[in-house]
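Before any comments, here is the structure.
No lab work stands behind these numbers, since they all come straight from the coordinates. Source: prediction; values computed, not measured. Ideal geometry is used to build each Cβ from the backbone, glycine not excepted, and the neighbour counts take in all protein chains shown.
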Amino acid sequence: MPLTPKQERILHYIKNYIIGSGGAAPTIAEIGRQFQMKSPASVHQVLGVLEDAGKITKVPNVSRGIRLVTTTE
């Protein structure tokens, strides 16, 4: 299933954040603030979709535990 425009924007934000920070991913709270998402559960839902789509992996119990999945296509 293709990503929605909002999911694409969040993925783009995560990629740019990681590049700009030298490798650190944004926190759930930072993503929520950037996209005016009031509930951390909403951010987790989007991250779950991105993970299911094979775009990211989440490291459990780690702050900034979002990793981009690289593909060799």
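Below, the figures for the structure above:
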| item | result |
| --- | --- |
| Positions within segment 42-69 being free of Cβ contacts under 8 Å to residues at least 24 places away in the same chain and either among the charged types (D, E, K, R) or more than 20 Å from Thr4 (Cα to Cα) (or both), in sequence order | Glu51, Asp52, Lys58, Val59, Pro60, Asn61, Val62 |
| Thr70 hydroxyl-bearing (Ser, Thr, Tyr) and assigned to a strand (DSSP E or B) | no |
| Test for Arg9: is it surrounded by 15 or more Cβ atoms within 10 Å (Cβ to Cβ) and not aliphatic (A, V, I, L, M) | no |
| Single residue of segment 12-27 satisfying the filter (over 14 Å from Ser63 (Cα atoms), surrounded by 14 or more Cβ atoms within 10 Å (Cβ to Cβ) and without any contact (Cβ under 8 Å) to a residue 40 or more places away in the chain) that is farthest from the chain's Cα centre (by Cα) | Tyr17 |
| Residue in segment 28-41 that is surrounded by 11 or more Cβ atoms within 10 Å (Cβ to Cβ), among the hydroxyl-bearing types (Ser, Thr, Tyr) and free of Cβ contacts under 8 Å to residues at least 60 places away in the same chain present | no |
| Some residue of segment 5-21 being of a type outside the set (Ser, Thr, Tyr) and in a loop (DSSP other than H, G, I, E, B) | no |
